[in-house]
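**Q** Below you'll find the structure I mean.
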Amino acid sequence: MTKTLNAQLDAILAARDRENMTPTLQALLPIYEQYPNNPRVFYELGGAYDTAGEEATALGLYEDAMAEGLTGEIRRRCYLQYGSTLRNLGRFEDSSAVFSRARSEFPESAALAVFESLTLHAAGRAATAVASLLTLLSDRLDDPELHRYEPAIRDYAQDLFSLDAEAVRPAR
């Protein structure tokens, strides 16, 4: 991908108004036509459709972005948005599968862990969702006060995991 294309995409996204995505979509569509196989273009256009409330259109673009070889940080963000969109469409099993793949590829991503927890909650696995968040909190926060209570927080997380019959513990 050229620096010019990246700069163009960055400028369009910096100017977007999340309340009115029409200008962003109008700016991205000609780029999509010019670069029909570019994974970042697929991703950014998918994100614009997603923000505009057109989740079904966004899904296909996210899938195309991944299939065309999206890499790095943008791939991680695509996983997050793709999994979240699936959740928003009520496709909880598909969302969980996406987050599972994403977490195996990006195990250190706290954002993926949080959004995976939202899928667990939406799928009716509230105890596992909270347990996952408590585990993430224990793993990530260096606050001295919370560090003191880390064993108790981890024990409570384990108790919550056991409340959901099919609990799947997050990768650590």
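FYI, it's all coordinate maths here, none of it is from the lab. Predicted, not measured: the structure shown is a model, and the values here were computed from it. We place every Cβ from the backbone using ideal geometry, glycine too, and count neighbours over all the protein chains shown.
**Q** Given the DSSP H assignment, sum -39500 (n - 2.57) over each helix run of at least 4 residues in the chain and divide by its residue total; what's the result at 222 nm in deg cm²/dmol, nearest 500? Present the calculation step by step, with values, prior to reporting the outcome.
**A** Numbers: 10 runs with 129 residues, N = 172.
The per-residue figure over the chain is -23500 deg cm²/dmol.
**Q** Moving on. Going by the alpha-carbon gyration tensor, a ≥ b ≥ c the square roots of its eigenvalues, is region 75-172 rounded (a/c under 1.5) or, if a/c is not under 1.5, prolate (a/b greater than b/c) versus oblate? Walk me through the numbers on the way to the answer.
**A** Values: a/c = 2.45, a/b = 1.45, b/c = 1.69.
Oblate.
**Q** Further question: Rounded, prolate or oblate: which fits region 1-93, taking a ≥ b ≥ c as square roots of the Cα gyration tensor eigenvalues, rounded meaning a/c under 1.5, else prolate when a/b beats b/c? It would help to have the intermediate numbers written out before the result.
**A** Working: a/c = 1.86, a/b = 1.26, b/c = 1.48.
Judged from the Cα gyration tensor, region 1-93 comes out oblate (a/c at least 1.5, b/c at or above a/b).
**Q** From the Cα gyration tensor of region 14-60, with a ≥ b ≥ c the square roots of its eigenvalues, which class applies: rounded if a/c is under 1.5, or else prolate if a/b is larger than b/c, or else oblate? Display every interim value, and only then the final one.
**A** Working: a/c = 2.11, a/b = 1.27, b/c = 1.66.
Since a/c reaches 1.5 but b/c is at least a/b, the shape of region 14-60 is classed as oblate.
**Q** Using alpha carbons only, how many degrees (0 to 90, rounded to 10) separate the axis of helix 22-34 from the longest principal axis of the chain?
**A** That helix lies at roughly 70 degrees to the long axis.
**Q** Between beta-carbons, use under 12 Å as the cut-off and find the net charge around ALA111, counting Lys and Arg +1, Asp and Glu -1.
**A** Numbers: positive: ARG76, ARG77, ARG103, ARG140; negative: GLU73, GLU108, GLU116.
Neighbour charge sum, excluding ALA111 itself: +1.
**Q** Let me ask something else about it. What's the angle, to the nearest 10 degrees (0 to 90), between helix 55-67's Cα axis and the longest principal axis of the chain?
**A** It works out to around 90 degrees.
**Q** Give me VAL41, VAL114 sorted ascending by neighbouring Cβ count inside 10 Å, so fewest comes first. Can you show the working numbers first?
**A** Details: VAL41 24, VAL114 14.
Starting with the residue having the fewest Cβ neighbours, the order is VAL114, VAL41.
**Q** Now, a different point. Return LEU13, LEU80 ranked ascending by Cβ neighbour count within 10 Å, so the fewest neighbours appear first. Each step should come with its number before you reach the end.
**A** Working: LEU13 14, LEU80 20.
Ranked by crowding around the Cβ, least crowded first: LEU13, LEU80.
**Q** Additional query: Go through region 119-125 residue by residue and turn each phi into a ³J(HN,Hα) via Karplus (6.51, -1.76, 1.60, θ = phi - 60°); whole Hz please, and just put x for glycine and proline.
**A** 5, 4, 4, 4, 7, x, 10
**Q** Taking the Cβ of LEU86 as the center, what net charge do the other residues with Cβ under 10 Å away carry, scoring Lys and Arg +1 and Asp and Glu -1? Please list the in-between numbers first.
**A** On the way: positive: ARG87, ARG91; negative: GLU55, GLU93, ASP94.
Local charge sum for LEU86: -1.
**Q** Enumerate the calculated ³J(HN,Hα) couplings along region 40-45 in order (Karplus 6.51 cos²θ - 1.76 cosθ + 1.60, θ = phi - 60°), each rounded to whole Hz, writing x wherever the residue is Gly or Pro.
**A** Those phi angles translate into 5, 4, 4, 4, 5, 5 Hz.
**Q** Sorted by packing (mean other beta-carbon atoms within 10 Å per residue), highest first, where do 138-144, 115-121, 43-49 land?
**A** Details: 138-144: 11.6, 115-121: 23.1, 43-49: 24.7.
Those peptides, ordered most packed to least, come out 43-49, 115-121, 138-144.
**Q** Same structure, new question: If you average the sequence gap of Cα pairs under 8 Å that are 6 or more apart and divide by the length of the chain, what percent do you get for the contact order? Show your work: numbers first, answer last.
**A** Working: 192 pairs, mean separation 22.2, N = 172.
Relative CO of the chain lands at 13 percent.
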